Amino acid sequence: MEGNYLPHGTPPPPRATVPAVQGDWSPFDSELQFRVADIFYRRAAMSASNIDAILELWAETAALLGADAPFESHDHLYKTIDSSTVGNVPWECLVVSIPQTDNSNSPIVGWMKKSYEVWYRNPDAVVSMMLENADFDISNLTTAWANWHVWLTGASNASSPSHASLWMQ
């Protein structure tokens, strides 16, 4: 490849993949721990205090059976999620605040005096990782595009080209 053009239609080189280990839920200890984290954090978007309340009840019940709750606290849950290395896109922090002005006409409320951390993963890097993933099938994304095409042009589904042909245009 080193500066030489590839013939038209040449497929990309094969990817080096790491085989998945059956039953590996890293960084989670088990499938149960992963599923609990998914419900608490993503599906229910539960508050830290509610997570702690449920985990406390879970721990009391589990102790009767000589077992443990899947997490000790919301901090343990968050640290486990944050330790995930899938994708290798690091967390970044943006600190935001409202600039203080000398405008005496605007009341300054307590929350306006604070700084807030916004944690995120770089969207450009995340999308790049998705597109580099050999399992990512872009053919499943054509429906949304075709629906936008129909909405923008006013074409009905009966008279418009198929989703596949819209994608190919």
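The values are calculated or read from the model by the stated rules, or taken from the named source; none is laboratory data. What you are looking at is a predicted structure, and each value in this text was computed from that prediction instead of being measured. Every residue, glycine among them, receives a Cβ derived from its backbone with ideal geometry; neighbour counts consider all protein chains shown.
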Legend entry - Per-region count, the stretch 91-122, residues surrounded by 10 or more Cβ atoms within 10 Å (Cβ to Cβ), of a type in the set (D, E, K, R) and in contact (Cβ under 8 Å) with a residue 24 or more places away in the chain: 2
Inset, instruction - Filter the stretch 48-90 down to the residues that are in a loop (DSSP other than H, G, I, E, B) and among the small types (Gly, Ala, Ser), then identify the one that is nearest to MET130 (Cα to Cα). - result: GLY87
Legend entry - Test: SER128 is under 30 Å from PRO13 (Cβ atoms), polar (S, T, N, Q), at pLDDT 65 or above and not assigned by TED's automatic domain parsing to the domain that holds PHE28: yes
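Every residue, every condition in (1) on the phi > 0 side of the Ramachandran plot; (2) over 16 Å from the mean Cα position of the chain (by Cα); (3) modelled with pLDDT of 95 or more, yes or no:
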{"residue": "ASN50", "(1), (2), (3)": "no, yes, yes"}
{"residue": "ILE54", "(1), (2), (3)": "no, yes, yes"}
{"residue": "ALA59", "(1), (2), (3)": "no, yes, yes"}
{"residue": "SER84", "(1), (2), (3)": "no, no, no"}
{"residue": "THR101", "(1), (2), (3)": "no, yes, no"}
{"residue": "SER106", "(1), (2), (3)": "no, yes, no"}
{"residue": "LYS113", "(1), (2), (3)": "no, yes, no"}
